[in-house]
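Visitor: Before I ask anything, here is the structure I am working with.
Bear in mind that the values in this text are calculations on the coordinates, not laboratory data. Keep in mind that this is a model prediction, so the values were computed, not measured. Cβ placement follows ideal geometry from the backbone for every residue including glycine, while neighbour counts extend to all protein chains displayed.
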Amino acid sequence: MQNTPLSLRSAISEYWTSLIACLFWIQYSYGMPHVIRIGGIFEQTDGPVSLVSAEELAFKFAVNNINRNRTLLPNTTLTYDIQRINIYDSFEASRKACDQLSLGVVAIFGPSHSSSSNAVQSICNALEVPHIQVRWKHHPMDNRDSFYANLYPDYSSLSYAILDLVQYLKWKTATVVYDDSTGLIRLQELIMAPSRYNIRLKIRQLPLDTEDTRPLLKEMKRGREFRIIFDCSHHMAAQILKQAQTMGMMTEYYHYIFTTLDLMAINLEPYRFCGVNMTGFRILNVDNPQVASIVEKWSMERQIPPKPDSGLLEGIMTTDAALTYDAVHIVSVSYQHAPQMTVNSLQCHRHKPWRFGGRFMSYIKESHWDGLTGRLSFNKTTGLRTDFDLDIVSLKEDGLEKVGKWSASGGLNITEVPKRKGINITDSLANRSLVITTILEEPYVMLKKSDRALVGNDRFEGFCIDLLKELAGLLGFTYEIRLVPDGKYGSQDDKGQWNGMIRELIEHRADLAVAPLTITYTREKFIDFSKPFMSMGISILYRKPNSTNSGFFSFLNPMTPDIWVYILLAYLGVSCVLFVIARFSPYEWYDAHPCNPGSDVVENNFTLLNSFWFGVSSLMQQGSELMPKALSTRIIGGIWWFFTLIIISSYTANLAAFLTVERMDTPVDSADDIAKQTKIEYGVIKDGATMSFFKKSRVSTFEKMWAFMSSRPRTSLVKSIEDGIQRVLKSDYALITESTTIDYITRRNCNLTQVGGIIDSKGYGIGTPIGSPYRDKITIAILSILEDGRLHMLKEKWWSGSSCLDEERRETGPMGIQNLGGLFIVLASGLVLSVFVAMAEFIYKLRKTAEREQVYIPTDHFEYVPNSICPFFLKLKRCENDIKLIGLEFEFILPSTIAEKLATMTILSQKLLNSL
């Protein structure tokens with residue numbers, strides 16, 4: 001070789017280099033073993049030996065698919081070794097694992113239960129052979145099990161998914177039912193929720209060593225626990241659903257959440273039309289066509305049907321089976337990408353690990369695969385599957401449907417598209433038969449009067465009955481009306497127990513409460529209400545008092561006595577001021593003899609008497625023939641006229657009402673008035689919303705009223721509205737109740753009236769049990785008939801037809817002497833007064849004349865004054881400013897002494913007339 005030319009040596013070197021490279025490539029490509037083996041350890045199921053678990057069937061199914069397709073391992077045949085053990089037999093599981101390791105397996109699958117799995121895991125960890133799990137297992141985070149991978153979703157992520165769903169559903173209370181202690185670990189995020197969220201949880205455990213859950217279900221039903229989370233296997237879930245149906249707990253009021261990922265494996269056909277709310281999770285990606293094809297092939301090849309009474313579906317691939325299928329594939333994918341490695345027979349007693357085990361385990365944790373259960377990826381440290389998607393499924397009438405999705409990165413996303421409102425609101429109520437609880441009260445619910453015996457719903461009539469017919473026609477449901485047994489609306493006693501219609505709804509003996517049921521805060525915590533179909537308040541029903549007549553002096557009523565006094569003072573003040581100003585102003589004086597230029601005598605029209613006469617004539621809207629001349633007096637006159645204009649106009653406007661309307665004098669006019677007195681007894685309907693209002697009110701007036709009523713419950717509280725009406729009519733009693741009821745009563749009973757205004761504002765609603773799916777439908781229907789005016793027409797139908805006259809619309813009747821008699825009294829009094837004043841004036845003038853003529857008239861002669869007035873009854877005739885007597889002769893047949901005296905009086909009278 002030393003004599004070989006350099007070019008030849010170079011060619012030979014390249015040849016050997018290429019040959020060695022080809023040999024390495026061939027060895028790399030075809031150097032993998034033609035046969036690799038995996039081991040599977042599975043628990044035997046109860047029953048015949050021929051019955052094998054779904055995981056074992058899926059294990060074989062996956063191996064056969066890989067060998068048939070040849071896409072993952074084109075030049076390698078995958079074989080398996082299967083060992084069966086008894087459940088919870090950890091010693092046998094260890095022995096079987098050692099047997100498989102001696103055969104040279106690259107990975108061991110199973111077993112499922114914790115005790116056996118832990119034994120196998122410790123052996124695999126010691127010999128550095130990958131251990132693959134497909135069931136939930138509590139895995140401590142201490143990195144001791146580095147040769148461990150679990151395809152089952154991480155329990156903490158599952159717990160977050162359940163918590164997110166509970167929050168989305170806005171549950172405030174829930175019951176958690178777990179099968180064994182591991183359930184508390186799986187649901188730890190939910191169990192810790194009350195400390196962070198406003199959720200009240202009740203924790204219960206399923207009975208051990210038995211599938212009879214009826215005692216537990218009965219206890220939850222008695223406790224009205226309608227929102228329940230079950231953490232159990234799908235086998236147990238199927239038994240729970242069957243027993244819940246026999247207990248009457250598969251209704252629309254219950255909502256169940258199952259944490260098992262195999263809800264689709266349960267036969268839910270008997271529950272589709274029960275109305276029960278059932279929600280669960282699913283990891284099997286059946287929406288993928290390839291996955292659906294594999295699942296269908298699995299269903300066809302499976303030969304072991306479930307037990308007839310198990311409540312499970314035949315041929316359904318469970319989550320454990322799907323995870324086992326994916327586990328076999330992820331190991332095959334990892335082995336495909338692994339470098340050349342040899343598999344040795346390992347002996348448990350030698351403790352010599354597999355030389356390639358650590359590298360192969362790393363490839364498994366780093367591998368990614370889109371399997372039947374979605375994207376497969378592992379945490380490189382713990383070997384747990386954390387990146388996964390969960391489908392949210394819910395039971396519908398068409399079966400189990402996907403309504404949302406949850407992922408660790410994106411959280412909860414509900415994708416169900418709600419049905420458009422207004423197109424079809426009868427989905428949940430069509431053809432359903434509902435039980436209606438109600439109570440007799442006019443005009444809402446009444447017994448129909450008929451000559452023949454009526455049965456069923458035909459016995460009743462009223463506003464609420466017509467409303468119920470409208471709702472049934474709109475929503476398409478049928479109903480049965482039942483009167484509440486105790487005849488009460490519903491109130492809570494000191495122990496927190498309810499009665500009446502509220503209790504009927506709480507205990508689900510009725511679906512709807514259609515009655516004048518007031519919506520209150522306390523009731524809303526135990527039942528649900530629709531939107532109000534009628535608004536009302538609280539008022540006082542009292543016996544109508546006897547009407548008070550206007551009286552003889554009712555013309556003074558339009559103004560209060562104070563105003564009359566002020567008018568009188570104003571009149572006196574203006575008259576006096578006018579007199580003073582008229583005397584003070586030089587322009588108010590005038591020449592009494594304008595034809596005599598030399599006369600210096602001036603006069604003033606506004607004497608004191610004339611000033612008073614000007615004021616009263618202006619007040620009475622009459623002319624006084626006195627005209628102010630000065631600007632100052634005219635200002636006074638104008639202001640006084642303006643004042644009298646407003647006074648007279650106001651008086652005239654109110655006079656008609658005061659003379660024609662009969663007013664009723666009620667002893668109380670408001671709640672404050674009735675609370676301040678004790679003469680009139682008052683009360684409410686027992687166990688009604690009005691009683692609850694006063695009982696819980698913190699307003700001082702209402703607290704005082706409740707203290708009065710509670711101190712005498714036998715007399716203040718009535719059993720029904722009929723009893724209250726009779727008490728109001730027969731005794732001095734006031735009933736406090738809803739204003740709409742009072743309106744109906746007062747229209748039909750003319751002896752009753754409403755006193756005062758509205759105390760409180762509330763509404764009547766239709767009650768449903770908490771969580772009822774009917775509430776929203778009922779609310780939409782109520783709004784529909786409210787908008788098109790049918791609800792108003794129903795009210796007019798039952799509230800109209802009043803037999804009593806409405807005081808506000810009563811026509812004005814003719815006025816009698818009782819209205820205007822006082823005016824005649826005033827007129828007669830004025831006439832009498834004027835006569836006496838005239839006589840006084842005459843006597844006064846007569847004395848003045850006698851003093852001027854120096855004629856002495858003894859005092860005892862005044863008893864003959866009436867006879868001396870006779871000359872004034874002579875006819876007078878005015879002629880050229882002179883008054884002359886037109887002779888009329890009178891003959892007096894009197895005694896001589898009286899005649900002499902009278903003659904003297906007559907002479908004086910004639911002289912008095914001459915002086916006029």
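Visitor: Would segment 129-222 count as rounded, prolate or oblate if I go by the C-alpha gyration tensor, calling it rounded below 1.5 in a/c and otherwise prolate when a/b exceeds b/c, oblate otherwise?
Guide: oblate
Visitor: Going 7 Å from the Cα of R509 along its beta-carbon direction, which residues of segment 240-255 have the amide nitrogen within less than 20 Å of the resulting point?
Guide: Hits in segment 240-255 for R509 at 20 Å: 247-254.
Visitor: For the pair E853 and T607, what calculated FRET efficiency results from E = 1/(1 + (r/R0)^6), where r is the Cβ-Cβ distance and R0 = 30 Å, to the nearest 0.05?
Guide: Taking R0 as 30 Å, the efficiency between T607 and E853 is 0.65.
Visitor: With 20 Å as the limit, write out which pairs from K242/K525; K695/K719; K242/K396; K218/K495 have Cα-Cα distances beyond it, or answer none.
Guide: Exceeds cut-off: K242/K525; K218/K495.
Visitor: A follow-up question, please. Within straight cross-link reach of K848, meaning Cα distance under 18 Å, which lysines are found once same-chain residues fewer than 8 apart are removed?
Guide: Filter leaves K911.
Visitor: In which sequence would E787, E681 go, from the one with the fewest C-beta neighbours within 10 Å to the one with the most?
Guide: Lowest count first: E787, E681.
Visitor: In addition: With each pseudo-label sitting 7 Å past Cα toward Cβ, what's the E681-K719 distance in nm, one decimal?
Guide: 1.6
Visitor: Apply 1/(1 + (r/R0)^6) to the Cβ-Cβ distance of Q188 and C750, taking R0 = 60 Å, and write down the FRET efficiency to the nearest 0.05.
Guide: For R0 = 60 Å, the calculated efficiency reads 0.25.
Visitor: Just to be sure I understand the model, the point goes 7 Å from the Cα along the line to the Cβ. What's the resulting L569 to I758 distance in nm?
Guide: 4.2
Visitor: Could you tell me the calculated FRET efficiency between R375 and D788, based on Cβ-Cβ distance and R0 = 56 angstrom, to the nearest 0.05?
Guide: So the FRET efficiency works out to roughly 0.55.
Visitor: Next question. Taking neighbour Cβ counts within 10 Å as the exposure measure, how do S618, S146 sort from fewest upward?
Guide: With the sparsest Cβ surroundings first, the list reads S146, S618.
Visitor: Would you mind counting up the charge near N499? Only other residues with Cβ under 10 Å from its Cβ, with Lys and Arg at +1 and Asp and Glu at -1.
Guide: Local charge sum for N499: -2.
Visitor: Of M627, F642, P561, which is farthest along the charge dipole of segment 554-661 in the positive direction, counting Lys and Arg as +1 and Asp and Glu as -1 at C-beta?
Guide: Checked the options; the winner is P561.
Visitor: Is segment 677-761 best put as rounded, prolate or oblate by its Cα gyration tensor, with a ≥ b ≥ c the root eigenvalues, rounded for a/c under 1.5, and otherwise prolate when a/b is larger than b/c, oblate when not?
Guide: Because a/c hits 1.5 or more and a/b exceeds b/c, segment 677-761 counts as prolate.
Visitor: Most exposed first by the Cβ proxy, i.e. fewest other Cβ within 10 Å, how do Y197, Y253 rank?
Guide: Taking fewest neighbouring Cβ atoms as first place, the list is Y197, Y253.
Visitor: Another question about this same structure. Please work out whether segment 202-260 counts as rounded, prolate or oblate from its C-alpha gyration tensor, where a ≥ b ≥ c are the square roots of the eigenvalues and a/c under 1.5 means rounded, while otherwise a/b larger than b/c means prolate and anything else oblate?
Guide: It comes out rounded by the Cα gyration axes.
Visitor: Next question, about the same structure. Under a point spin-label approximation (7 Å from Cα along Cα-to-Cβ), what is the T415-S829 distance to one decimal in nm?
Guide: Label-label distance for T415 and S829, simple model: 9.6 nm.
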